[in-house]
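What follows is a set of notes on a single structure, which appears directly below.
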Amino acid sequence: MDFRFSPEQEAFREEFVSWLEKNLPDDWNPSRYRNYDSQEEWGRVYREFQRRLFNSGYTAMHYPKKYGGQGKTLMEEVIVSQTLFSTCTELRIPGVVTHGMAVPTIFTCGNEEQKREFLPKILDGTHIWCQGFSEPDAGSDVANVSTRAVKQNGHYIINGQKVWTSFAHLADYCILLVRTDPTVARHKGLSYFLLDMKLPGVEVRPMTQITGEAEFSELFFDDVRVPVEMRVGEEGQGWQIAITTLMFERVLGDAIMGAAYETNIQKMIEMASQTKRSGRPVIHDPIFRQQLAQAYIEVMVLKYHGLRSLSNQLKSKIPGPEGSIGKLLWSEPNQRITEAAIGMQGPNSQIMGSSPWTIQDGYWQYSFLRSKGNTIEAGSSEILRNIIGERVLGLPKDVSRAKRK
Amino acid sequence: MDVSLSKVQLDIAKEARRFLDKECPTDYVRDMYEDERGFTDEIWGKMIEMDWMRVRIPETYGGIGMDQMDLIMVLEEMGRAVLPGPFFSTVLLAVEAIMEAGNDSQKERYLPGIAAGEIRGTLALHEPDGGADLGYIQMEARADGDGFVLDGTKISVPDAHVANFLVCAARTEPGNDLTQGITLFLVDLSADGVSVSLLPTMDGTRKLCAVDFKAVQVNPEAILGEPHKGWKHLSRILQRAQVGLCAECVGGAQRAMEIATEYAKIRVQFDQPIGAFQAIKHRCAQMYVEVESSRSILYWAAWAQDNGDPKEAAMAASVAKAYCSEAYTHVSTAGIQILGGTGFAWENEMQLYLKRAKANEQALGDPIYHREQVITLLTD
């Protein structure tokens, strides 16, 4: 048992931290939670910064060099990712789906041509990817996907609609889950595609979300012709590919959230020293002290549980059952933490835009609203508890679901 | 970084599980629940043979010198079995106190005897007026010649009725300053003026006592550690014991989850096992979330006691004590709800887990106390 990183890993972290200090974009202000007015501007800055990381050898640390990676281990990737998310989350957000889902899917399940064609251009910042899984009638029930792909002369003709697609309007490509066979059991009729967003018949309609931003879009497909070569795996393997990649990437995602939230706790403590209640700084109020401590405790749970899962994955190469709870350990605490944070602000908690009385640039107002999506996106808490109950604890499916194939 | 258990640690746990499954079944726990003494000489003798009294004691004094991480393997299993008896008070409280603060002759006097299973000890900390404040120590120790005279009452002293000696925290200088004026004393329970009475407690699996001190004279050799600076020692002693208690919580919560989950698979209502209903399934899943989270935090806290810097060790102990003890309460409470009327019945074992959970939650600083420690460490 050893919770410390090795001296080599610590040295690598220090090296990367000092690189990062010198290479953050000039126009990026760390005291603002959102520096860019338009999504296009945000996307541009992401791409430039990604290229800078790539050129200095700090991308995809754990992937082979021939695909644009660095040929190191998952530990180096964790160190780089944690440092980035504890320092400049904003600069990474447009690439979250790209690096968290597209890269591992292509790397793990893609064929040689797909890996060589797509991975280097993702890693050097050229391409942003989005994810087309959810549909109006396939939310938590992802296997209910009804967007159709019909094979015809070396192409698939795709028709249908996706929804809640993050950064679709910035994306160059999309990882897409569609139905290729409506006659077999639901999970078995799905296939996985890499879709060029510039193809004729692809339409993107941005959706405004609870925060007022339009991070997500609806995607419409009208006779979109996708070459057969863009299919990942075999026909009918789509579900398996989608699930496998989610499992493998979980550990890294959880480690990133742990690092980002540690920074948030510091931010919260700073705020609690400045905002007042009963004539004294909130930091001296016993109730808020309890809430701050609980926030920290939950972040420590996320951090150390994450290290344990990571360690098991490094050893056994496959994610263990303890990894299945990671998403619950960041999504639900984040809602409690942001709620506590705006609770510390009194009436100022309503002030969100630019005003002399805005606290910490309105970060907590934004985060409070955005956190409501955390327990819905990428596997709702209810679905995750079903998975834990059924796959980890071995509880039976309910009768209505067990009957349906 | 390697956050996984070694082969040796897994073997320690396996051996403890085998022993406790055989020697400490639920029937034994129930018998001891009703029994004033709270354990039998038979099981105690077998625990001595298992080397369990020697785990923390260094080889020089007849022990085997396990570190905290190895010890929690045993404690998790003890928590799983809701083991009654004075193991925790002797090995986690008395031994840690002597190892932390004792001089050579004190170690020589007590440790070999404990290692051989001949004597037992405990720690007298809480006072009737102290409430949840772990640092409330007002019992007076008056200087008398080159010794001291102790007067006052300590409550919630675990297993004092079956101990030979206790470590008592008292004030040798008046005031409220924790860092000044507290001294630890080694007091034989047979000394004149010491009287012990068993408290009627909610959790019968762990006996708590009141200990009265009436003009108890102690000689200078009884002073444990630096005079007037006892809190420095005590806080480190408590930290290790808190982490030990967390291991009990994790083991107990794990078993409570298993019992509830197994029941949810076989109990049929509305034509299906109740575990198929999401209302039950999600509670079971939440148990798993909290059990595994507790285990991760426990490992960090145990590791930090032997390997972290003092601040990390203190932080980890308080984070773990707040989290793991509340998780155990959550899990055993949900366990009763899932078992329904069965779980509410005296004859069902779930009640033993809930009672131990609540006792552990309050012992050695409750979650509110520890959260205050956490925020103090964070902002100081």
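The values are calculated or read from the model by the stated rules, or taken from the named source; none is laboratory data. From a predicted model like this one, the values you see are computed outputs, not experimental measurements. Cβ coordinates were reconstructed from backbone atoms using ideal geometry, including for glycine residues, and neighbour counts include every protein chain displayed.
The number of residues in region A:387-405 that are at the interface with chain B (Cβ under 9 Å from one of its Cβ atoms), farther than 30 Å from A:ASN264 by Cα and part of a helix (DSSP H, G or I) comes to 6.
Name the helices (runs of 4 or more DSSP H) wholly within region B:1-98 that hold at least 1 residues that are of a type outside the set (Asp, Glu) and closer than 19 Å to B:ARG120 by Cβ?
Working: elements: B:7-23, B:26-34, B:41-49, B:68-80.
The helices (runs of 4 or more DSSP H) meeting that bar are B:26-34, B:41-49, B:68-80.
Only one of the listed residues (A:GLY362, A:GLY379) is touching a residue at least 24 places away in the same chain (Cβ under 8 Å) and not in a helix (DSSP H, G or I). That residue is A:GLY379. When region A:43-62 is filtered for residues that are in contact with a Leu (Cβ under 8 Å, 6 or more places away or on another chain) and surrounded by fewer than 21 Cβ atoms within 10 Å (Cβ to Cβ), the ones remaining, listed by number, are A:GLY43, A:VAL45, A:PHE54, A:HIS62.
The residues in region A:287-313 that are more than 8 Å from every other protein chain (Cβ to nearest Cβ) and either more than 30 Å from the chain's Cα centre (by Cα) or over 16 Å from A:ALA259 (Cα atoms) (or both) can be counted, and the count is 4.
So, in region A:303-318, exactly how many residues are part of a helix (DSSP H, G or I) and either surrounded by fewer than 20 Cβ atoms within 10 Å (Cβ to Cβ) or among the polar types (S, T, N, Q) (or both)?
Here is the first cut: in region A:303-318, the ones part of a helix (DSSP H, G or I) are A:303-316.
Filter again for either surrounded by fewer than 20 Cβ atoms within 10 Å (Cβ to Cβ) or among the polar types (S, T, N, Q) (or both), leaving A:309, A:311-316.
Total satisfying the criteria: 7.
Annotation: of all residues in region A:1-48 being within 14 Å of chain B (Cβ to nearest Cβ) and part of a loop (DSSP other than H, G, I, E, B), the one that is farthest from the chain's Cα centre (by Cα) is A:MET1. Counting only residues that are surrounded by fewer than 20 Cβ atoms within 10 Å (Cβ to Cβ) and either in contact (Cβ under 8 Å) with a residue 24 or more places away in the chain or outside the structural domain of A:PRO182 (by TED's automatic domain parsing) (or both), region A:140-149 holds 6 of them. All conditions but one from (1) in contact with a helix residue (DSSP H, G or I) (Cβ under 8 Å, 6 or more places away or on another chain); (2) closer than 26 Å to B:LYS321 by Cα apply to B:LYS229; the one that does not is (1). Taken over region B:258-303, the criterion of being touching a Gly at 6+ places or on another chain (Cβ under 7 Å) and either closer than 19 Å to A:LEU302 by Cα or more than 7 Å from chain A (Cβ to nearest Cβ) (or both) is satisfied by B:ILE259, B:ALA260, B:ALA285.
Can B:ASP35 be described as over 17 Å from the mean Cα position of the chain (by Cα) and within 25 Å of A:MET1 (Cβ to Cβ)?
Values: over 17 Å from the mean Cα position of the chain (by Cα): yes; within 25 Å of A:MET1 (Cβ to Cβ): no.
Spelling it out, it is not the case that B:ASP35 is over 17 Å from the mean Cα position of the chain (by Cα) and within 25 Å of A:MET1 (Cβ to Cβ).
Please work out if A:ILE359 is more than 13 Å from chain B (Cβ to nearest Cβ) and over 24 Å from A:ALA138 (Cα atoms). Yes; evaluated as a whole, the condition is true for this residue. Comparison of A:GLU218, A:GLU213 shows that the only residue that is of a type in the set (D, E, K, R) and in a strand (DSSP E or B) is A:GLU218.
Residues in region B:1-24 that are over 19 Å from A:HIS305 (Cβ atoms) and hydrophobic (A, V, I, L, M, F, W, C) were compared, and the one that is farthest from the other protein chains (Cβ to nearest Cβ) is B:CYS24.
Please find, within region B:250-279, the residue that is farthest from A:LEU328 (Cα to Cα) out of those that are in a helix (DSSP H, G or I) and touching a strand residue (DSSP E or B) at 6+ places or on another chain (Cβ under 9 Å).
First, pick out the residues of region B:250-279 that are in a helix (DSSP H, G or I): B:250-266, B:274-276, B:278-279.
Now restrict to residues that are touching a strand residue (DSSP E or B) at 6+ places or on another chain (Cβ under 9 Å): B:264-266, B:274.
On the way: B:ALA264: 22, B:LYS265: 24, B:ILE266: 27, B:ILE274: 23 Å.
Selected residue: B:ILE266.
The condition of being within 19 Å of B:ASP306 (Cβ to Cβ) and either in contact (Cβ under 8 Å) with a residue 12 or more places away in the chain or over 19 Å from the mean Cα position of the chain (by Cα) (or both) holds for only one of B:ILE48, B:ILE72, B:ILE43, that being B:ILE72.
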